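Participant: Can you read through this structure? Questions will come right after.
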Amino acid sequence: MKSKVFFTDLKVRKDFENTLSKIRRLFDAAGFESLIDKNELTAIKLHFGERGNEGFISPVHVRQVVDKARNCGANPFLTDTNTLYSGSRRNAVDHLTTAIEHGFGYEVTRAPLVIADGLDGNNFHEVAIAGNHFDKVKIASSIADSHSMIVMSHFKGHELAGFGGAIKNLAMGCAAVPGKMEQHAGLHPEVDPDSCIGCGRCVETCIYEALEISESIASVRHEKCIGCGECMLVCPVKAIDFNQERDAEKFIEMMTEYALGAVTGKQKKVGYMNFLVNITPECDCAPWSDIPLVPDIGILASIDPVAIDAASLYLVNQQHGIVHSKLHSNFEIGEDKFKGVWENSAGNHQLDYGEKIGLGSRDYELIKI
Ligand code: SF4
Ligand code: SF4
């Protein structure tokens, strides 16, 4: 049977319905009320955005879901996990400060904030899964302990995963820091000496001291590198890359197994909303946003993380690419927009592998509300 994915665009028609009302209707249409029981601790899984980024989901939109969860009798809380790399979300204190600076304080969202893997990212439960790469994964304690969960994802590009949506939000987003390390373990960046201009940005960014510069060319000290990919993101001339052919599929498979771990034990307790707005080339971990690749599309809701990401990818690729964005090819309707930025990425593998390991189904029915 096809998984149902509910969709609303953002147009205001003759009835003048606004986006806040549409979010509440999506929650109802997707049957999220049946996922949440009275007195439950309901995690609303978000990405609060790195300081300097503006692409994250609006706190005012998040409040609609908080109110809905509270109407079900639950105790909702907003949550995310600490990062592997330098930045404004590396520990719970910095992370909470950034979240509040971005408007996620109680006065806007009406829900408390919990950093799910604790002060330093090391609070986790090991969850057993039957994966090909892992037999147990390290899921942030407050997410593992929650009774139900609504995963709200800003859908956008990602330099390694191809795109970031529900699967990535579950995988990297629900893992404690040691779990993020496990997912990145197979990645080995290399510097192209012919492209490197010796600016040193990568060296300044890498908190693992895994880069050095000699004779104005950077190189990676592989014994120290944990494969977080931060250096790739900051290099102004794209001189650093992974061996995508060798590494990308394995990374995606490990990530997708972590997504499975994040929902293990929560059968029929997790709902997903993907926001197809500000569809930027990079994820919200970047301390900037960029010109979106395509126009704003709308919002989707489902109880199937593979189906909602498959539908999101389809809708993005049905748009014309925006001129002057980071797209260098694939501007036409039907062409893969994320490959138009990250040509060697393998985003589709998230969907194939997610289906293979039982995370969800690629076969969906798109229902416009
Ligand atoms: S060198 Fe390795 S650890 Fe350092 S930023 Fe790059 S990927 Fe991360
Ligand atoms: S950021 Fe890029 S260009 Fe600058 S030193 Fe590092 S590899 Fe070279």
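Participant: Compare the Cα positions of I369, P236, G87 along the charge dipole of the chain (+1 at Cβ of Lys, Arg; -1 at Cβ of Asp, Glu; about the Cα centre) and return the one farthest towards the positive end.
Facilitator: Looking along the dipole axis, the top candidate is I369.
Participant: What are the lysines whose alpha-carbon lies under 22 Å from the alpha-carbon of K11, with same-chain residues fewer than 8 places away excluded?
Facilitator: Filter leaves K22, K156, K368.
Participant: Once Lys and Arg get +1 and Asp and Glu get -1 on their Cβ, which of L20, P76, I57 lies farthest toward the positive end of the dipole of segment 1-95?
Facilitator: Positive-most Cα among the choices belongs to L20.
Participant: Let me ask you something else. Can you show me the helix-derived [θ] at 222 nm for the chain, built from DSSP H runs with n ≥ 4 at -39,500 (n - 2.57) apiece and divided by the number of residues, rounded to the nearest 500. Write down the numbers at each step before the final one.
Facilitator: Details: 12 runs with 109 residues, N = 369.
Mean residue ellipticity at 222 nm (helix-derived): -8500 deg cm²/dmol.
Participant: Quick one: which residues, 5 or more positions from N75 or on another chain, have an amide H under 5 Å from its amide H? H modelled 1.01 Å from N in the peptide plane, none for Pro or chain starts.
Facilitator: N39, E40, L41, T42
Participant: Considering the alpha-carbon set of segment 190-240 alone, what are its Rg and its Dmax in angstrom?
Facilitator: Rg and Dmax of segment 190-240, Cα atoms, are 9.5, 25 Å.
Participant: Now, a different point. Rank-order 131-141, 6-16, 272-282 by packing density, defined as the average count of other C-beta atoms within 10 Å over each peptide's residues, highest first. Intermediate results must be reported in sequence, preceding the final value.
Facilitator: Details: 131-141: 20.3, 6-16: 12.6, 272-282: 24.8.
Peptide ranking by packing, descending: 272-282, 131-141, 6-16.
Participant: Rounded to the nearest 5, what % of DSSP beta bridges with both residues in the chain are antiparallel?
Facilitator: Working: 25 of 48 bridges.
Of all bridge pairs located within the chain, approximately 50 percent are antiparallel.
Participant: If you don't mind, another one. For a test of the definition: using alpha carbon positions, the gyration tensor, and the 1.5 limit on a/c, classify segment 1-75 as rounded, prolate or oblate.
Facilitator: Details: a/c = 1.58, a/b = 1.06, b/c = 1.48.
Oblate is the answer for segment 1-75, as a/c is 1.5 or above yet b/c matches or exceeds a/b.
Participant: Over 25 Å between Cα atoms: which of K168/K337; K180/K238; K250/K339; K138/K356; K268/K339; K2/K138 fall into that group? Walk me through the numbers on the way to the answer.
Facilitator: Working: K168/K337 18 Å; K180/K238 23 Å; K250/K339 18 Å; K138/K356 21 Å; K268/K339 33 Å; K2/K138 31 Å.
Those over the limit are K268/K339; K2/K138.
Participant: Dividing the Cα radius of gyration by the Kirkwood radius, what Rg/Rh value follows for the chain? Could you put the intermediate results ahead of the total?
Facilitator: Working: Rg = 19.5 Å, Rh = 20.6 Å.
On the Cα set of the chain, Rg over Rh gives 0.95.
Participant: Using only alpha carbon pairs under 8 Å that are at least six residues apart, calculate the relative contact order of the chain and give it in whole percent. Walk me through the intermediate numbers first.
Facilitator: Working: 866 pairs, mean separation 82.6, N = 369.
Relative contact order of the chain: 22 percent.
Participant: Still on this structure, I have one more. Could you list which residues have their amide H under 5 Å from that of V151, counting only those 5 or more apart in sequence or on another chain, with H placed in the peptide plane?
Facilitator: K45, G271, Y272, M273
The numbers here are math on the coordinates, done by the rules we state, and not lab data. Remember, predicted model here, so these are calculated numbers, not experimental data. A quick note on method: Cβ atoms are made from the backbone with ideal geometry, for glycine too, and the neighbour counts reach across all protein chains shown.
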